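First the structure, in the form of structure tokens, and then the observations on it.
The values are calculated or read from the model by the stated rules, or taken from the named source; none is laboratory data. Values in this document were obtained by computation on a predicted structure and should not be read as measured data. Reconstructed Cβ throughout: ideal geometry from the backbone, glycine too, with neighbour counts over all protein chains shown.
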Amino acid sequence: MGLTSRHLLGMQGVPAEDIQLILDTAKTFREVLERPIKKVPTLQGKTIVNLFFENSTRTRISFELAQKRLSADTVNFSTSTSSTKKGETFKDTVRNIEAMKVDMIIVRHESAGVPTFLTKISKANIINAGDGRHEHPTQALLDMYSIRERLGKLEGLKVCIVGDIAHSRVALSNIYGLKAMGAEVSVCGPATMIPRDIQKLGIRVYHDIDRVIAEHNVLNVLRIQLERKAGTSIPSVREYHKYFGITAERIEKYNNNIVILHPGPINRGVELTSEVADGPYQVILDQVTNGVAVRMAVLYLLGTMN
């Protein structure tokens, strides 16, 4: 059995069977990453382009490593040295890249909908590495893998996404993916950071972080995206930390069995204290390692469809 789509554009509408297949395949590749030789010839002969129009460290390096571990040929596209600086349109850029006979395109873009647009002008498999405030599907998949690795399941777990929901593409992908896998999903944050009508997605909204810690199995704590003007949604980062920051004192008082995730980079002392970020409750570095395995799984499953 394989995936039901030849692209990964988001988690919305992805069936539980596809998610399960990706997570199970990632488990196999996670074992590969523990070997002395961390490379398999699975995608040898395939050419993959990393088309990043937006700054990224973890996601870009994670995809690059995943591609190299699978023995694919990797091409990195840099907007700073590309013909887009000379006025070439996005459409022409992609068509020129495809004319070089690439098999797969990983795209990250500040505008929502770009990955879907790519499927209309390219024959390559398209993977969304983050589009605007829309979705970031591989981050949600690695989050789900990390939760399952720590707690052994997803179904029936209570997971709360905490923080800057309005500016987050990670939140939306996690909501779709976790709900598909049978988890109970909620969000928590200041009212100014919670999108209106988000309850229509079938989730609960909280504004009391202490209650959230007490009632949930997992917290996925999001970064306050100051570069996206998220700072205008709160009086100050100090006040945000006072009411929504995750501290060791709060965890010890309300639920010392909770699991803490964070997609990074962390604003230490804002979303999390260093004691929590480096402590026994978090799986943050596991998320980074698992991200390579999950992206290997996605690349393998899509790359072997054709």
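Among the residues of the stretch 104-145, write down those that are part of a helix (DSSP H, G or I) and surrounded by fewer than 22 Cβ atoms within 10 Å (Cβ to Cβ). Residues satisfying the conditions are THR116, PHE117, THR119, LYS120, ILE121.
Residue by residue, here is whether (1) among the basic types (Lys, Arg); (2) assigned by TED's automatic domain parsing to the domain that holds ARG108; (3) in contact (Cβ under 8 Å) with a residue 12 or more places away in the chain holds:
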| site | (1), (2), (3) |
| --- | --- |
| TYR145 | no, no, yes |
| GLY152 | no, no, no |
| GLU155 | no, no, yes |
| GLY182 | no, no, yes |
| SER186 | no, no, yes |
| GLY189 | no, no, yes |
| LYS200 | yes, no, no |
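Taking the stretch 28-72 as the range and being in a helix (DSSP H, G or I), farther than 23 Å from MET305 by Cα and among the β-branched types (Val, Ile, Thr) as the test, the residues that pass are THR59, ILE61. Of the set (1) touching a residue at least 40 places away in the same chain (Cβ under 8 Å); (2) part of a loop (DSSP other than H, G, I, E, B), all apply to ARG295 but (2).
Selection of the stretch 146-166 for residues being surrounded by fewer than 24 Cβ atoms within 10 Å (Cβ to Cβ) and of a type in the set (A, V, I, L, M, F, W, C) yields LEU151, LEU154, LEU157, ILE165, ALA166.
When the stretch 248-292 is filtered for residues that are crowded, with 17+ Cβ neighbours inside 10 Å and free of Cβ contacts under 8 Å to residues at least 40 places away in the same chain, the ones remaining, listed by number, are ILE251, THR273, VAL276, ALA277, TYR281, GLN282, ILE284.
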